[in-house]
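First up is the structure itself, then whatever we jot down about it.
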Amino acid sequence: MTVLVLGDQLTRRHGPLSEGSPDVLMVEATAFATRHAYHPHKLTLVFSAMRHFRDELRDTGHSVDYRQTETFAEGVETHLADHPGDELVVMDPPSHRGAERLHDVVESAGGSLDVVQNDLFLVTPAAFDDWFDGESGDSDYTHEEFYRWQRRETGYLMDGDDPEGGEWNLDDQNQESADPERAFPDPPRYDPDETTREVLDWVEDTFDGSYDTDEKGGAWADPEPFCWPVTREQALDALADFCEHRLAGFGPYQDAMLDGEWSLDHLLLSPAINLGLLHPREVVERAIETSRGRDDVPLNSIEGFVRQLVGWREFMRQTYRREMPELATANLLDAPHDLPEFYWTGETDMHCLSDVVESVRKRGYTHHIPRLMLLSNFALTYGVEPTRINEWFHAAYVDAFHWVTTPNVIGMGVFGTDVLTTKPYAASANYIDGMSDYCSGCEYAKTKTTGENACPFNALYWDFLGRHEESLRSNDRIGPVYGHWDRKDDEEREEIHDRADEIRTLAESGDL
Ligand code: SF4
C-alpha cells in the first residue's frame, strides 16, 4: 500500500501517514500550474512545500516516489507502471469531485484507490450533515448557529454551557480603526533556502507569462522576495511569533486597513494551514493557551481568532461541499462585466484599491477586509461576473484553493448566491474611510457621489442599490438603506447611474 500525498495534505501527524505507512507517492504536475495565471509566490509556496515535505519524509524513513510530470495522471500512471497493481490510499480532497477524479485516474491506470476521511479539518462532512439536517432546524446556512455548535462541541472558550464572558460573538469589538502612527510588529520572514531557490528559478523560467488562458498571464511581475513558511518547522515558528507579538492586538484591529501596512496583527498562516503544514486545532489551541497565560490578550482577540478558524473556515469548507457545482457559476444578480484590468496591474487612481492590489502583486496576500470590502465590494457594485473575480482570487492569493475562494468570493463577496449570506456586502467610501486611512491620500473625493473626482465607490454603491431595488428593497438587512435612495430625486438618480456608467468606461480603458 502506498499513501498518495496531495499538495495540500502535507502532514505526517494526521491521516494515513500517521499510521506509519512507509511508502509514499507524490506528484508534482506542471499542468495544474498553467490552469490560471497564478502568482509566482503561490506556485513557489506549493511546490517548495511539497519538495521540503518529500525530504522530511525521506529523512524519517519513508520511501517517497516523487514524480515530476506534466499532468497528474502521468505521475500516477508512471508510478503504477513501476509498481503494478499498487493500492493507493489518500485523504479525501476538499475540491469538488476531487475523489471521483482521483478514482478515475488511478483505476484507469490499473491501480486501486482507497479514499479516507480528510483529517485536516475540525468537522467531518457526516457530522456537519447531521447537525445541519437535524439540530440546525433551518434550511439556510447560518454561520452563527454553526459557530455556537462548534464552540459547544470543542469546548473552546466555554464556561460550562455558556460562552466565556457571556457573549458568543464579539464581532462588534473587532472593528476599531487603527492609528496610522501605531507601530505594528514585523512578521517573521523565511528566506528561501536552496530548495526554494531552485523552485523560484524554475517557476520564473517555466511560468513566464505564456499562460494558455485568456487571463492576464505575467501580470505578477516583480514581486518582493519570497518570505512564506514552507516547512512545518517554519510554520510553527511563525505561529509562536504571532502568539507572542500579534495575538493581543488581533481582536480590536481585525478589520482595520492602513496604507502600506499589509500584515497588521494578522496570523498570516492561512497558506500553511491550507497546505496541511499546521492543523487548525493546534493553531487554535496554541492561541487559547497563550491567552490563558497573559493578561494583555483581551477576550475579543482570542474569540475573534477562534471564530475565524473554528467557525468561518470550517463553515466555508462544508458550504462549498454541499453547494457545488451550482455555487461555482452562481450569478444571482446577473452581473455581466469583465474584471477591470487594474486588478492585475494596480494602475488606478483609487488609492485604496491601488494599495491592496500592490500588496497582492508583492506577496499574493491581503487580510480578509481588503478582500471583502475593497476588492469584492468594488466587483459587486461594478457588476463583475462572479466567476471572473473568483478566478482572479484563486490565481492571485497564496492561500487560495477552489474550496476556499468559491464560497467566500461568490457567496459572500459578490452575492452570487444567497445561500450563505442574507445580504450583499456593498459599501460606499464612508465605510472605507472609517476603517482605513486611504481616503486622505486619494485623488478622489470621498464625500462626493457625482461630479468631478467623485469617489467611484459612492456612485457604484447607489447605482447598485438602484439597479437591484426590486430584489433588495425587501431584504431585512439592506432594505432600510432604501430610505436614503427614496430621498433622491429622479435627476440625482440619473446622475448616479450616468456616473456609474462613466466609471465602467474609465475602468475598461484603464483610466480610472
Ligand atoms: S476616496 Fe474612494 S477611491 Fe479614494 S481611497 Fe477613499 S474609498 Fe478609495
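Going from the fewest other Cβ atoms within 10 Å to the most, the residues THR34, THR329, THR505 appear in the order THR505, THR329, THR34. Using the charge dipole of the chain (Lys, Arg: +1 at Cβ; Asp, Glu: -1 at Cβ; taken about the Cα centre), state which of ASN331, VAL64, GLN318 has its Cα farthest towards the positive end. Toward the positive end, the furthest listed residue is VAL64. Computed over the alpha carbons of the range 342-508, Rg followed by Dmax gives 15.5, 46 Å.
When the charge dipole of the range 35-104 is built from unit charges on Cβ atoms (+1 for Lys and Arg, -1 for Asp and Glu) and taken about the Cα centre, the candidate among GLY75, TYR38, VAL89 whose Cα reaches farthest toward its positive end is TYR38. Here is how the number arises for the chain: DSSP H runs of 4 or more residues each give -39500 (n - 2.57), the sum is divided by the residue count, and the result at 222 nm is -12500 deg cm²/dmol.
Proximity of backbone amide H atoms, modeled 1.01 Å from N, is registered between ALA445 and ALA454, CYS455 at under 5 Å, excluding neighbours fewer than 5 places apart on the same chain.
Summing +1 for each Lys or Arg and -1 for each Asp or Glu, what net charge is found among the other residues whose Cβ lies under 11 Å from the Cβ of ALA29? Neighbourhood net charge equals -1.
For the range 467-502 and the range 1-62, write down the distance between their C-alpha centroids in whole Å. The range 467-502 and the range 1-62 have Cα centres spaced 50 Å from each other. Between ALA426, PRO407, MET350, the Cα set farthest toward the positive side of the dipole of the range 342-508 (charges on each charged residue's Cβ, about the Cα centre) is that of PRO407. With respect to the chain, whose longest principal axis is taken over its alpha-carbon atoms, helix 351-363 is tilted by about 10°. For the chain, the antiparallel share of DSSP beta bridges with both residues in that region comes to about 15%. Spread over its residues, the convex hull of the C-alpha atoms of the chain is 152 Å³ per residue.
How would the range 391-431 be classified by its alpha-carbon gyration tensor: rounded, prolate or oblate, with rounded meaning a/c under 1.5 and the a/b versus b/c comparison settling the rest? Because a/c hits 1.5 or more and a/b fails to exceed b/c, the range 391-431 counts as oblate. Among the GluC sites (Glu not before Pro) within the range 141-175, those in coil by DSSP and having at most 14 neighbouring Cβ atoms inside 10 Å are GLU167.
Placing +1 on the Cβ of every Lys and Arg and -1 on the Cβ of every Asp and Glu, with nothing else charged, gives the range 342-508 a dipole about its Cα centre of roughly 760 debye. Rounded to two decimals, what is Rg over Rh for the range 2-116 when you use alpha-carbon atoms and the Kirkwood radius? Using Cα coordinates only, the ratio equals 0.94. Principal-axis analysis of the Cα atoms of the chain puts helix 490-508 at an angle of about 40° to the longest axis. Placing unit charges on the Cβ atoms only, positive for Lys and Arg and negative for Asp and Glu, gives the chain a dipole magnitude near 520 debye about its Cα centre. For the range 59-214, the average shadow cast by the Cα convex hull is 17.7 nm², which is a quarter of the hull's surface.
Using every Cα-Cα pair within the range 284-371, state what percent have a distance larger than 17 Å. Counting every Cα pair in the range 284-371, those more than 17 Å apart make up 69 percent.
Each of LEU506, LEU309 has some number of other Cβ atoms within 10 Å of its Cβ, and from fewest to most they run LEU506, LEU309.
To the nearest ten degrees, helix 194-206 and the longest principal axis of the Cα atoms of the chain are 60 degrees apart.
Laboratory data are not the source of any read-out in this text; all were calculated from the coordinates shown. Not measured: the values here are computed from a predicted model. For neighbour counting, all protein chains shown are included, and Cβ atoms are generated from backbone atoms with ideal geometry for every residue, glycine included.
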